[in-house]
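Structure first, commentary second.
The values are calculated or read from the model by the stated rules, or taken from the named source; none is laboratory data. Because the structure is a prediction, the values reported are computed rather than measured. No Cβ is skipped: glycine too gets one built from the backbone with ideal geometry, and neighbour counts run over all protein chains shown.
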Protein chains: 2
Amino acid sequence: MIKVILVEDNFFLQKALEEKLSNFSDIVIKDSAQNGEEAIAILEENHVVDLILMDIEMPVMNGIKATEIIKTKYPQIKIVMITVFDNDDNVFNAIKAGADGYLLKETKAEKIYEAIIETLAGGAAMSPSIAMKTLKLLKNPIPFETANETELVELSTREIEVLEHLSKGLKNKDIADNLFLSTSTVKKHIENIYRKLQAHNRIEMLQKAKQNKLI
Amino acid sequence: MIKVILVEDNFFLQKALEEKLSNFSDIVIKDSAQNGEEAIAILEENHVVDLILMDIEMPVMNGIKATEIIKTKYPQIKIVMITVFDNDDNVFNAIKAGADGYLLKETKAEKIYEAIIETLAGGAAMSPSIAMKTLKLLKNPIPFETANETELVELSTREIEVLEHLSKGLKNKDIADNLFLSTSTVKKHIENIYRKLQAHNRIEMLQKAKQNKLI
DNA sequence: AAAGAAATAAGCCGTTTGGCGTATTTTTAC
DNA sequence: GTAAAAATACGCCAAACGGCTTATTTCTTT
């Protein structure tokens, strides 16, 4: 029997999770907490627990802080984050805190179950979009982000695609080939990106793109 | 229809992969290669390809080198590594090379299919043990010191000055003004930098310069 | 159904870049 | 004191880029 604790402040989501896991006979939900502090209190009573499904956004004490504390005191307990938000900071901080997995709330019951099994087997479970973020973080070690509250420039999907190709050093012709566009269109996209970012050449654009967290 | 290319030197494993994927009607195996060089040759003929399943250990050109080259020229093509070895260096180097996923060869057909779908949707696919490795790498950012043992290219003092100006997005004329040079000289310096770094435009140069810890 | 945004594409024109050869002067190293 | 490396500079040419205008098509959103 796999002993699981749920930590989730939203009552309905907590019930939904219970429901999802109820189909799997080898999992027993030992207890539930509404925030990090409660979770820690529960563990202090009795820490015979295999795995914790932990929300991130919670009042009193959030999931990342709780993970940090629990992992320090009970490193053998696996912790899988379950959250709606997958922004870089959350992912990175959760990993830093020692999370063994990171799932999005939309994840299906079957996948959550798999994640639990795989995590207990020593692996890590991640929703694909999270996995992609970890890869990007690994490739580009820029975790030192200062809280920049200036509003960021937005680019369209296509513009970002073009931007990504530009950032590899490709020339317009090659970008056009790759995206099945004419060079005219690529040029137009670049022109629009330049206007939005107030850049006048590729390097300026890449700098501004970084500042705006577009790449 | 999802167009996939297999790159795998072992004939039987290649056939096994084909077999595994044949159950999924929306996947078509467009071509197969026995090593990296062959794969690149195929793409140069026709790069209308969605995803490549790439072995790592291969003669002539291994999968990591091939991934590096393909990702530079065709960044929109997704590449998922499929290998028996999951040692840290392989994982880290594959990520550095730009791989979008990393599966072990024991992975079941259904999982490979899921991985393909998820990768094309912009996510990343990883076997759980690989995911765990990436988490560990992220938590302990050691690899950036150790993984780079290649000797670095050296630039002259003046070349570095020019490089620094280039990195701000300045044009030759402005650099010349700032450094009290003629544009011809600036051009010559840039030409020399290009040769040393094997770059052919400014963005490539900046990438290579970063790799060589020049900026 | 209409309005608005996004994506597509072409043409024009001047500027900039990248690649090549050549050549002189200055600095550094042996 | 000479050889090698670095820095300086010019010219030529084709390719690529950046800026501007115009226009059609395809999505969204209301």
**Request:** Would you point out which residue out of B:I5, B:I42 is touching a strand residue (DSSP E or B) at 6+ places or on another chain (Cβ under 7 Å) and under 21 Å from B:E118 (Cα atoms)?
**Result:** B:I5
**Complete:** Of the residues in region A:162-201, those that are more than 8 Å from chain B (Cβ to nearest Cβ), within 12 Å of DNA strand C (Cβ to nearest atom) and at positive phi come to A:F180
**Complete:** Among (1) under 24 Å from B:V84 (Cβ atoms); (2) in contact with a Leu (Cβ under 7 Å, 6 or more places away or on another chain), B:A16 falls short only on (2)
**Request:** Kindly establish whether A:R195 is surrounded by 18 or more Cβ atoms within 10 Å (Cβ to Cβ), under 32 Å from the mean Cα position of the chain (by Cα) and basic (K, R).
**Result:** no
**Message:** Is it the case, given these coordinates, that B:I142 is more than 30 Å from B:V4 (Cα to Cα), at pLDDT below 85 and not acidic (D, E)?
**Reply:** yes
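I'm trying to understand the selection: among the residues of region A:3-18, which are surrounded by fewer than 19 Cβ atoms within 10 Å (Cβ to Cβ) and in contact (Cβ under 8 Å) with a residue 40 or more places away in the chain?
Result: A:K3, A:D9, A:N10, A:L13.
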**Message:** If a residue counts only when it is at pLDDT 90 or above and within 14 Å of chain A (Cβ to nearest Cβ), which strands (runs of 3 or more DSSP E) contained entirely in region B:17-89 have at least 2 such residues?
**Reply:** B:78-83
**Request:** Working only within region A:162-188, note down all residues that are under 29 Å from the mean Cα position of the chain (by Cα) and either farther than 17 Å from A:N201 by Cα or surrounded by fewer than 15 Cβ atoms within 10 Å (Cβ to Cβ) (or both).
**Result:** A:N178, A:L179
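Yes/no per residue for (1) out of contact with any helix residue (DSSP H, G or I) (no Cβ under 6 Å at 6 or more places or on another chain); (2) buried (at least 17 other Cβ atoms within 10 Å of the Cβ):
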position: B:I64; (1), (2): no, yes
position: B:K71; (1), (2): yes, yes
position: B:F92; (1), (2): no, yes
position: B:A99; (1), (2): no, yes
position: B:Y102; (1), (2): no, yes
position: B:G122; (1), (2): yes, no
**Of all residues in region B:104-120 being among the charged types (D, E, K, R) and assigned to a loop (DSSP other than H, G, I, E, B), the one that is surrounded by the most Cβ atoms within 10 Å (Cβ to Cβ)** = B:K105
